[in-house]
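Derivation of every value follows stated rules applied to the coordinates shown; laboratory data play no part. As the structure is a computational prediction, the values presented were derived from the model and not from experiment. Every residue, glycine among them, receives a Cβ derived from its backbone with ideal geometry; neighbour counts consider all protein chains shown.
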Amino acid sequence: MERKRETARFPSRSVCSPDGYLYEREAILEYILHQKKEFARQMKAYEKQRGARREEQKELQRAAAQDQVRGFLEKEAAIVSRPLNPFTPKVAPGEPSDEARAGSSTGPASKDKDRALPSFWIPSLTPEAKATKLEKPSRTVTCPMSGKPLRMSDLTAVRFTPLDSSVDRVGLITRSERYVCAVTRDSLSNATPCAVLRPSGAVVTLECVEKLIRKDMVDPVNGEKLTDRDIIVLQRGGTGFAGSGVKLQAEKSRPVMQA
């Protein structure tokens with residue numbers, strides 16, 4: 001009866017993922033909803049760009065067909081014989097014409113180079129900025145810490161046992177020891193390895209799990225049978241000590257000589 005009264009007085013506001021990451025219920029639910037809205041927005045942009053690319057392909061096909069028709073008409077017009085102008089000077093096969101000589105002085109290579117280079121003050125030479133190709137977004141909502149798929153049904157409600165049931169939630173903030181193991185009543189801290197029992201959501205120490213709970217594999221809070229999947233080891237944050245047991249990775253930046 002006393003345990004039920006404690007649970008009602010301190011409602012569960014924390015949930016944990018199957019990998020043991022602890023979240024506030026409202027925060028993780030808001031995150032999941034935000035990810036779903038973001039997927040809808042990205043999917044809409046992807047479909048819009050996909051439709052624009054289809055229209056662009058159709059325009060290119062129409063332009064290619066028009067070029068073929070235009071080339072055919074030009075070849076047809078070139079077949080018609082035209083009278084030669086007797087006053088046009090003949091050019092020897094090895095000598096360049098006057099137009100070719102005039103063009104060589106200006107340098108056709110330099111003209112081609114100028115056309116290849118982008119110019120931001122001439123409209124015809126301004127480089128065209130193309131939109132980045134969007135990939136099809138994934139519908140899977142991932143855990144913000146582990147990156148694995150996460151669903152609302154995978155979250156487990158976590159219930160911490162307060163050290164003193166007579167103290168309200170505001171009074172617990174001023175205390176260094178706030179919660180204890182639900183079975184052994186050992187105090188819990190950031191350096192204490194803990195686990196959550198999925199059927200009841202109770203938080204116990206790993207020492208209690210190894211020495212007491214694994215013998216019978218029964219939840220001591222509600223008496224339900226346990227499996228290895230029902231025992232979720234909570235992830236702990238760093239404490240500043242090298243032996244805290246948390247896997248941390250640090251990167252050190254330093255100057256490097258370059259050739």
For the T184, Q35 Cβ pair and Förster radius 41 Å, calculated FRET efficiency rounded to 0.05 is 0.60
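Expected output is a single nm value to one decimal: the length gained when fully extending between A27 and L73, i.e. 0.36 nm times separation in residues minus the C-alpha distance. What is it?
On the way: separation 46, 0.36 × 46 = 16.56 nm, distance 6.89 nm.
9.7 nm is the gain from fully extending A27 to L73.
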Set the Förster radius R0 to 35 Å, insert the Cβ-Cβ distance between D154 and E59 as r into 1/(1 + (r/R0)^6), and round the FRET efficiency to 0.05. 0.15
Sequence-distant residues sharing a close amide H with V158 (under 5 Å, placed H): S14, V15, C16
Formal net charge of residues neighbouring A157 (Cβ-Cβ distance under 10 Å; K, R +1; D, E -1): +4
